[in-house]
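The next block holds one structure in the form of structure tokens; read it before the comments.
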Number of protein chains: 4
Amino acid sequence: MIVVMSPEATETQIDGVVKKIKEYGCDANISRGVERTIIGAIGDERSIDQELIDALPGVEQSMHIVKPYKIVAREWHKENSVIDIKGIPLGGNTIQVIGGPCSVETRQQMDAAARFVKAAGCRLMRGGAFKPRTSPYSFQGKGVEGLEMFRRAADAQGLPIVTELMDVRMLDTFLEWNVDVIQIGTRNMQNFDLLKEVGRTNKPVILKRGMSATVSEWLMAAEYIAAGGNHNIIFCERGVRSFETYYRNMLDVTAIPVLKKETHLPVIVDPSHAGGKAWMVPALSRAAIAAGADGLLVEMHPKPCEAWCDADQALNPDELKNLMVELKGIAQVLGRDI
Amino acid sequence: MIVVMSPEATETQIDGVVKKIKEYGCDANISRGVERTIIGAIGDERSIDQELIDALPGVEQSMHIVKPYKIVAREWHKENSVIDIKGIPLGGNTIQVIGGPCSVETRQQMDAAARFVKAAGCRLMRGGAFKPRTSPYSFQGKGVEGLEMFRRAADAQGLPIVTELMDVRMLDTFLEWNVDVIQIGTRNMQNFDLLKEVGRTNKPVILKRGMSATVSEWLMAAEYIAAGGNHNIIFCERGVRSFETYYRNMLDVTAIPVLKKETHLPVIVDPSHAGGKAWMVPALSRAAIAAGADGLLVEMHPKPCEAWCDADQALNPDELKNLMVELKGIAQVLGRDI
Amino acid sequence: MIVVMSPEATETQIDGVVKKIKEYGCDANISRGVERTIIGAIGDERSIDQELIDALPGVEQSMHIVKPYKIVAREWHKENSVIDIKGIPLGGNTIQVIGGPCSVETRQQMDAAARFVKAAGCRLMRGGAFKPRTSPYSFQGKGVEGLEMFRRAADAQGLPIVTELMDVRMLDTFLEWNVDVIQIGTRNMQNFDLLKEVGRTNKPVILKRGMSATVSEWLMAAEYIAAGGNHNIIFCERGVRSFETYYRNMLDVTAIPVLKKETHLPVIVDPSHAGGKAWMVPALSRAAIAAGADGLLVEMHPKPCEAWCDADQALNPDELKNLMVELKGIAQVLGRDI
Amino acid sequence: MIVVMSPEATETQIDGVVKKIKEYGCDANISRGVERTIIGAIGDERSIDQELIDALPGVEQSMHIVKPYKIVAREWHKENSVIDIKGIPLGGNTIQVIGGPCSVETRQQMDAAARFVKAAGCRLMRGGAFKPRTSPYSFQGKGVEGLEMFRRAADAQGLPIVTELMDVRMLDTFLEWNVDVIQIGTRNMQNFDLLKEVGRTNKPVILKRGMSATVSEWLMAAEYIAAGGNHNIIFCERGVRSFETYYRNMLDVTAIPVLKKETHLPVIVDPSHAGGKAWMVPALSRAAIAAGADGLLVEMHPKPCEAWCDADQALNPDELKNLMVELKGIAQVLGRDI
């Protein structure tokens, strides 16, 4: 860590900073410039609380030199991590497309959806039984009954399931129903108690990016899960909040190469929630794969016009099938398969 | 609700929209313009799920005419609601400044803080026992032990306490320790299960705005609490995420008159988390009160340089005292007191 | 246009709105709902100034039904426009990659750059002679001398040139030096006098998106050029301002399909200014082409480490060559060539 | 400047950085930490182009220690600068409210406006003769004819005038008509050629903040004007672009204390363009003054409902008068007058 003192800083203030740095077990190197004095902390600077340093009298600014994330950082783990989901690898050379409806509605809908997902060539299925909705008066999901419908429909096609956990008290139920991948939604990316709990399981976790989370905050949220012992983490970019009103969220495609550089963990993209309209999904899906994503989370509904929520962002079965063909072509250009 | 059909919409598609609107129990009024046909839904449009309408073939866009929030809306409740906190009114003519440290650290710190808060003329005290921290390796708060220290210190000065609830499983503990005001933090504004649970209590709730929540989403989050039966809700603006890097968050002062127009519930401001630096707090506090806020949540630490977190945003006791004098002057200009 | 009156609107206020709409040459349709009265303007609503309507007493909100852009809108011009740049088509089936350095530095640098651009398979060359720099103390470009160097180097390879016009007073010089494509930079997207002037020429114009311009504002800026008679407009997405600090701008890949839907004009992407780092350029370039862009504006410098500005975002000649191979593969998947 | 080398940096790369720093006339101090080597540049680091340093092989990140702005910086000019506008001081203890209509429309409108502005107690008048409008089909201002009407109406009341310059070619006309304060609008904050030209005059300049400009970019834009020799610069915060759709722009009230700390030049606020609705103006005006602004730019129209543009954000004469009373009260609390 580098600490820049203000031009008016006194010797006593400089000594104060040095003392604080030593309390954290680091050594201090003082460098007196023409206009300002600069103090370098030498040692394991992750132990230093930057806010406390910034608060000391005479300090103008400080800068961390070492990244604050450890377990998830590629700096300490050079090779890609491949997450095993019931034998299906995510994060390796094969790209995985996770298809399915936004929410679980009926037994028939789920059975049909599972068949179409399988037929399109997807190896994993998504579906929401518990739905985070802006309004308390909107449909909140089928709950445990939905989990059951989902489990059954997916099992019939041999598809592992991905579903969102919103409430820490439902974790045991998720484990009972043997949910294969737990999804943490955008509104819960910094629900730290929830992160700690899924960190105590060994279930693969899809961690969606918070609505306006920086890449660094997102990596730190993953670090919460990892610190609990669960390293089976998959990042999912789903668009961030912006000033643009034409579409729902702005897909941050740059986050893909950035994450691939910063972490060894897999990165997938949700093109459906990003744009919010089905007609945008193919372009965004292709862009994500071309940028290096390890997979997608795509909404597909057997009959989009009858869906109970987020209908206008779901592909129909044929659109999903066609999309898979295009994606396969792009994957091959990159030396991958799908 | 107004539904605008695309220029190519067919009669069958127009009929489809009319049919859907009627399924929701509304009536439909068709108006054929030169370029587009427009359909108006007449009746209680809150029952209509806009996403499903948008998803129908031939629909170009739709617009809600009526606001989606009910209980919290001023439209249906013209007078200001005054929340009673152990006899102290929030939301009336008297402005309330809630002072105290970011986090509970030690018995002495809390005792001193409580004395200074009282001496500055504040009638309520804040302090965090459970802390949402970006890093899992940072200090996470003193927990239940902290609640106890806080309760004792505040009781000795006769100050009701405000503290943050992060985990739904801790709600009973909060009720046991008789927390007077439950704070929902920015990261949990859309933790819907937490909102539902505090909605089942009758405790006043301070609902902080999400990092990048729109005013409308914020009002809907409050509606979650209100729908459970608890109408004792206080909105707290604390700055939003922006592109500016000079300070931590951008205080959205415009949200104050906007909320006062849209809701009958009180609106307070947290100038400490907004700017992130103690030297910004007086200017932001004055701006908030001048813009019509009903109160403030201000960080004050007996010895800011020794604080365990967010040290650089806490005022010291003298600064808080001086700020109270300025705020009293501004309150008087607006015909209020403090 | 739809005008929603507030619940308290009087008959006189409703009459006032109807009168105003008729002044604009439109007809008015009044629809009285349970809670609000809604007035529809029938006719050419583009003539109505929305702000004036919103200002009338009793008006709660209004909504345009028809898009405010005309000449650039696909609604009125269904087929893709192909811009002819000295015989090279932009906007058709062939994707064009425009390569070259950020700024013109020396004769040798430009000669080498032109050779490498040609060798990589690009058909157009970029280079800045006038540079918009944040600081008045930074290198501001070689000016007219730079234009000359650029012209010569490109002519030797038979490459049309693209360069930025910042000052309306330099337009004649640009025409004298026969600049083939005039670039309007992000900071000038709403420099309306500059737009009007280039609108009076018949030169192809690359219109970069403003730092935080909405798609709608961008289309309207193009409409300024088109209204002057120059329809040779190329949109260039170059990333927008966001809260993320890891990279320079957030590439808005969703804007590509959105623009392709809203306008018949070509859309290209500048991956170099978006990310701001050379190592991000290949991933962003692939994503742009996969999402449907008609071309790219890529920085390539013969010796990036010696560049005079924006050095860390330029590819070296080999990197550009390799990128072209990948892009060709993706283009083929989409049925295009490069 | 501090340069952080990546963990894999070689000795040759370290030498390369040192060499480059010395080329800029600075000295280099090398500090080898456990994980990374850090190089400090000692001397006048403003001469170092950060982008070129970042581009050198082995460099991970770099940080400027000294602020890049000089003439406008408070660091080198401790006392407040007071700008003299025909004898009226801006930036001193007296707060100045600049009132007037958004655009010049007719002789009568301007005469009436000038009388009301004077009657409300304002000492300066605003009005737009050249209007930056999103659409080429909207009213673009009365042009030179408008300047004349404005000049006459203001002279009759002895009010200096403030008006926007959009086109560098109109500067001479502005000087001929003796415009007292030249306003640079938000869309032109980084129109560097325009900034350079007004920098060559000695006219006071109001520099509005760019739609999404950081405080640092804004200060650098002012530095462009100052570098030309014109130090009569007034910053004007007018709200920035955000994700919020309820109002037009988000007023960044925090920018006021930040600018007062970073620069010695005056800071005013435009509450009318920020919120975009007249009913928000009083609250935002009070907040701006309470936060320490030196003045306001407020829209007032003799008959807001008949205004030709931005009607819904203009106060009527009575509202302006009442606002002045409130502002006087707040100014007094801060030891200022109005």
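The values are calculated or read from the model by the stated rules, or taken from the named source; none is laboratory data. Owing to the predicted nature of the structure, the values given are computational and were not obtained by experimental measurement. A quick note on method: Cβ atoms are made from the backbone with ideal geometry, for glycine too, and the neighbour counts reach across all protein chains shown.
Structural remarks
- Residues satisfying the stated conditions in segment B:287-332, i.e. touching an Asp or Glu at 6+ places or on another chain (Cβ under 6 Å) and within 14 Å of chain D (Cβ to nearest Cβ): B:Q313, B:A331
- Check on D:A255, within 20 Å of B:M280 (Cα to Cα), within 11 Å of the chain's Cα centre (by Cα) and within 12 Å of another protein chain (Cβ to nearest Cβ): yes
- The set of residues in segment C:141-191 being assigned to a helix (DSSP H, G or I) and either in contact with a Gly (Cβ under 6 Å, 6 or more places away or on another chain) or among the hydroxyl-bearing types (S, T, Y) (or both) consists of C:F150, C:T173, C:T186.
- Of all residue pairs spaced 6 or more apart or on separate chains, those with beta-carbon atoms under 6 Å, a first member in segment C:104-120 that is basic (K, R) and a second member that is not in a loop (DSSP other than H, G, I, E, B) are C:R107/C:M149; C:K118/C:Q157.
- Selected residue [outside any loop (DSSP other than H, G, I, E, B) and in contact with a strand residue (DSSP E or B) (Cβ under 8 Å, 6 or more places away or on another chain)] from C:K67, C:K22: C:K22
- Answer residue from segment A:302-318, given it is of a type outside the set (D, E, K, R) and modelled with pLDDT of 85 or more and is surrounded by the fewest Cβ atoms within 10 Å (Cβ to Cβ) among those: A:N316
- Candidate set from segment A:94-113 (those that are of a type in the set (A, V, I, L, M) and in contact with a strand residue (DSSP E or B) (Cβ under 7 Å, 6 or more places away or on another chain)); member that is nearest to A:I206 (Cα to Cα): A:I98
- When B:I225, B:I206 are checked against the criterion of being buried (at least 24 other Cβ atoms within 10 Å of the Cβ) and either more than 10 Å from chain A (Cβ to nearest Cβ) or over 13 Å from the mean Cα position of the chain (by Cα) (or both), a single residue qualifies: B:I206.
- Here D:K321 meets each of (1) modelled with pLDDT under 95; (2) over 25 Å from the mean Cα position of the chain (by Cα) with one exception, condition (1).
- Any chance B:E299 is out of contact with any Gly (no Cβ under 9 Å at 6 or more places or on another chain) and either at pLDDT 95 or above or at negative phi (or both): no
- Extreme residue, farthest from D:K86 (Cα to Cα), among residues of segment D:176-200 that are away from chain C (no Cβ under 12 Å) and acidic (D, E): D:E176
- D:P89 vs. criteria modelled with pLDDT of 90 or more and surrounded by fewer than 21 Cβ atoms within 10 Å (Cβ to Cβ): yes
- Test: residue in segment A:94-105 that is out of contact with any Ser or Thr (no Cβ under 6 Å at 6 or more places or on another chain), exposed (fewer than 15 other Cβ atoms within 10 Å of the Cβ) and either under 15 Å from A:M300 (Cβ atoms) or in the same structural domain as A:G228 (by TED's automatic domain parsing) (or both): no
- Pairs where the first residue, in segment C:63-79, is among the hydroxyl-bearing types (S, T, Y) and the second is in a helix (DSSP H, G or I), C-beta under 8 Å, 6+ apart: C:Y69/C:S216; C:Y69/C:L219; C:Y69/C:M220; C:Y69/C:A222; C:Y69/C:E223; C:Y69/C:E262
- Criterion violated by D:V97 - all others in (1) of a type in the set (A, V, I, L, M, F, W, C); (2) away from every other protein chain (no Cβ under 13 Å); (3) over 30 Å from C:M220 (Cβ atoms); (4) not in a strand (DSSP E or B) satisfied: (4)
- A:N230 vs. criteria out of contact with any Leu (no Cβ under 9 Å at 6 or more places or on another chain), more than 7 Å from every other protein chain (Cβ to nearest Cβ), modelled with pLDDT of 95 or more and more than 25 Å from A:W76 (Cα to Cα): no
- Residue match in segment B:112-131 (condition: at pLDDT below 95 and at negative phi): yes
- Search result, residues across segment B:22-48 that are at pLDDT 80 or above, closer than 25 Å to A:Y246 by Cβ and within 35 Å of the chain's Cα centre (by Cα): B:G40, B:A41, B:I48
- Some residue of segment B:170-180 being in contact (Cβ under 8 Å) with a residue 60 or more places away in the chain, out of contact with any strand residue (DSSP E or B) (no Cβ under 6 Å at 6 or more places or on another chain) and surrounded by fewer than 21 Cβ atoms within 10 Å (Cβ to Cβ): no
- Given (1) out of contact with any strand residue (DSSP E or B) (no Cβ under 9 Å at 6 or more places or on another chain); (2) part of a helix (DSSP H, G or I); (3) outside the structural domain of B:F130 (by TED's automatic domain parsing), index of the condition B:I53 fails: (1)
- Segment B:1-19, residues that are outside any helix (DSSP H, G or I) and among the hydrophobic types (A, V, I, L, M, F, W, C): B:M1, B:I2, B:V3, B:V4, B:M5, B:A9
- Yes/no for A:E79 being more than 21 Å from A:E319 (Cβ to Cβ), within 14 Å of another protein chain (Cβ to nearest Cβ) and of a type in the set (D, E): no
- If only residues of segment B:133-170 that are under 19 Å from the mean Cα position of the chain (by Cα) and within 12 Å of chain A (Cβ to nearest Cβ) are counted, the one that is nearest to B:V298 (Cα to Cα) is B:E164.
Residue-wise test of (1) closer than 16 Å to D:L90 by Cα; (2) touching a residue at least 40 places away in the same chain (Cβ under 8 Å); (3) of a type in the set (S, T, N, Q); (4) not assigned by TED's automatic domain parsing to the domain that holds D:Y224.
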site	(1), (2), (3), (4)
D:M166	no, no, no, no
D:G185	no, yes, no, no
D:Q190	no, no, yes, no
D:P204	yes, yes, no, no
D:L207	yes, no, no, no
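- The set of residues in segment B:201-232 that are among the hydroxyl-bearing types (S, T, Y) and farther than 22 Å from A:M189 by Cβ contains only B:T201.
- Test: D:V4 is surrounded by fewer than 18 Cβ atoms within 10 Å (Cβ to Cβ), within 30 Å of A:E75 (Cβ to Cβ) and more than 12 Å from chain C (Cβ to nearest Cβ): no
- Counted residues, segment A:258-286 - those being in contact with a Ser or Thr (Cβ under 9 Å, 6 or more places away or on another chain) and facing chain C (nearest Cβ under 8 Å): 5
- Residues (more than 9 Å from chain B (Cβ to nearest Cβ) and at negative phi) located in segment A:54-68: A:E60, A:Q61, A:S62, A:M63, A:H64, A:I65, A:V66, A:K67
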